[in-house]
Amino acid sequence: MMDRVLIARVSMLAGKIMLESGAETYRVEDTMNRIASAFGLENVQSYATPTGIHFSVDFAEVTNFIRIQNRATDLHKIAEVNSISRDITSAKISINEALVKLNDVDRARLAFPFWMQIIAAALASGSFAIMFGGDWPDLFPATIAGGVGYAAMLGAAALVEVSFVAHFAASFILGILAVLFISNGFGANVDKVIIGAVMPLVPGLHITNAVRDLMAGHLVAGVSKGVESVLTAFAIGAGVAVVFAF
Amino acid sequence: MLFTQMVTSFIAAAGFGVIFNAPRRVIIQCGAVGMAGWILYYLLSDGGMDVVPATLFGAMLAGILSQICAKLFKVPVITISVSGIIPLVPGGASYDAMRHFVENDYHMAVQLSAKVMLLAGAIGMGLMFSEVANQTIKKIHAARSRST
């Protein structure tokens with residue numbers, strides 16, 4: 001019988017990385033249960049919410065708990081943890097190797113460099129302006145406003161911990177840019193430019209994930225994600241509306 | 001016009017693959033899945049279908065293609081489906097709804113919010129249908145290989 005505390009540590013670390021990277025809660029619970037039963041634990045119970053994980057094994061044992069502080073979307077880390085958990089369930093790696101590997105993934109910075117993310121956001125903004133029915137003159141204003149807005153979001157997020165403030169500031173800046181562009185004859189429809197430019201910021205993904213969690217029966221996770229995304233959408237709407245108020 | 005939509009939706013979905021830090025080897029697949037879902041939605045809604053069922057079918061196609069890509073390239077489904085459904089996600093509408101709330105135009109804001117909820121529900125259902133289809137196929141395969 002392996003050390004129960006060590007097994008709990010491995011599966012909770014895997015769950016923590018996945019939740020911090022934006023995986024759905026049912027997938028997190030499933031992965032934790034698979035890892036724990038691969039190491040021979042029985043009657044595993046795990047409960048994941050966007051802000052914390054509970055993990056218990058038996059009635060006589062203690063229950064462990066981890067709090068999740070920061071959440072972002074990092075699909076690469078989810079893929080890495082997934083492949084480690086596959087190696088564990090097919091008994092390719094030992095528990096100590098798994099712990100070392102998971103610690104590496106936890107510390108690693110796998111994200112694309114910031115300039116690349118900003119360029120991607122800018123290109124996506126321009127594309128969205130066209131997709132949502134904008135005219136060709138709207139392409140470049142939306143591209144520039146989207147890139148600057150996303151860069152402002154990254155910069156503000158590094159300065160202040162509260163994501164509400166970061167989203168508010170970013171959408172305020174891109175709103176000003178869009179209005180300036182249009183009033184100087186650069187671009188045709190201010191609405192299409194702004195909608196394209198805010199797309200990299202809006203929590204569309206979180207809204208969809210929230211509905212999926214609700215449909216899967218994870219009511220606590222679904223409601224809390226839904227509230228988070230409504231709050232973010234409110235910050236963005238308010239940021240742009242302040243520009244129009246002048 | 002259709003070609004423009006194809007190119008822009010590909011760039012948008014692949015761009016979101018970069019923003020969400022999808023593994024580098026599936027960025028192109030993210031773009032292709034996003035393009036397929038959006039084009040189906042675009043054709044259906046252009047042909048007179050209501051946007052909610054059109055979104056449902058678009059999300060279903062994106063979900064099925066994500067399942068196939070995930071199996072082919074050995075990555076979790078979420079790494080592809082997340083960027084693949086991005087063109088369908090009601091981000092613009094949710095921003096629009098919130099803007100009307102902030103501008104005291106509650107009449108329009110509530111209408112738009114209801115639309116956002118319906119669209120998000122349609123995407124969730126589309127993805128769930130494709131997942132259920134995948135599991136059903138798996139179970140049928142397992143049952144067949146057991147019986148033979």
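Annotation: per residue accessible area for the range A:4-107 equals 46 Å², rounded to a whole number [probe 1.4 Å, protein chains only]. Computed over protein heavy atoms with a 1.4 Å probe, the carbon and sulfur contribution to the accessible area of the protein assembly as shown reaches 66%. For the range A:67-81, which residues drop by 20 square angstrom or more in accessible area between the chain on its own and all protein chains together (1.4 Å probe)? Buried by 20 Å² or more upon assembly, which counts only protein chains, are A:THR73, A:LEU75, A:HIS76, A:ILE78, A:ALA79. Computed over the Cα atoms of the range A:53-166, the ratio of the radius of gyration to the Kirkwood radius (Rg/Rh) comes to 1.15.
The angle between the Cα long axis of helix A:204-215 and the main principal axis of chain A comes to about 40°, on a 0 to 90 degree scale. With the alpha-carbon atoms of the range B:1-146 aligned to their principal axes, the span from lowest to highest coordinate is 62, 32, 29 Å, starting with the largest. Summarising the label geometry, the points placed 7 Å from Cα in the beta-carbon direction at B:LYS138 and B:MET117 lie 3.2 nm from one another.
Axis of helix B:27-46 versus longest Cα principal axis of chain B: the two differ by about 60°, to the nearest ten degrees.
Here the label points at B:VAL7 and A:ASP30, each 7 Å from Cα along the C-beta direction, are separated by 3.9 nm in the simple model. Sequence-distant contacts, meaning Cα pairs under 8 Å at least 6 residues apart, place the relative contact order of chain A at 17 percent. Can you tell me which of B:MET35, B:MET98, B:MET60 moves the most in a GNM of chain B? Springs connect C-alpha atoms under 10 Å apart. Looking only at B:MET35, B:MET98, B:MET60, the biggest GNM fluctuation is shown by B:MET98. Accessible area buried by the pairing of A and B, both sides summed with a 1.4 Å probe, works out to roughly 4200 Å². Full extension of the segment from A:ASP106 to A:LEU231, taken as 0.36 nm per residue of separation minus the current Cα-Cα distance, would add 42.2 nm. Applying 1/(1 + (r/R0)^6) with R0 = 22 Å to the Cβ-Cβ distance of A:ARG71 and A:TRP115 gives a FRET efficiency near 0.40. Remark: the range A:133-174 carries 47 Å² of accessible area per residue (probe radius 1.4 Å; ligands, DNA and RNA excluded). Relative to the longest principal axis of the Cα atoms of chain A, helix A:25-38 runs at roughly 20 degrees. Taking each of A:LYS77/A:LYS101; B:LYS71/B:LYS139; A:LYS77/B:LYS74; A:LYS225/B:LYS71 in turn, the alpha-carbon distance tops 18 angstrom for A:LYS225/B:LYS71.
Two decimals is fine: what's Rg over Rh for chain A, C-alpha atoms, Kirkwood radius as Rh?
My calculation of the ratio gives 1.08.
The values are calculated or read from the model by the stated rules, or taken from the named source; none is laboratory data. All figures in this text were calculated on a predicted structure; none of them were measured in a lab. Using ideal geometry, Cβ is built from the backbone for each residue, glycine included, and neighbour counts are taken over all protein chains shown. Heavy atoms of the whole protein, side chains included, go into the accessibility calculation; ligands, DNA and RNA do not. Shrake-Rupley method; radii C 1.70, N 1.55, O 1.52, S 1.80 Å.
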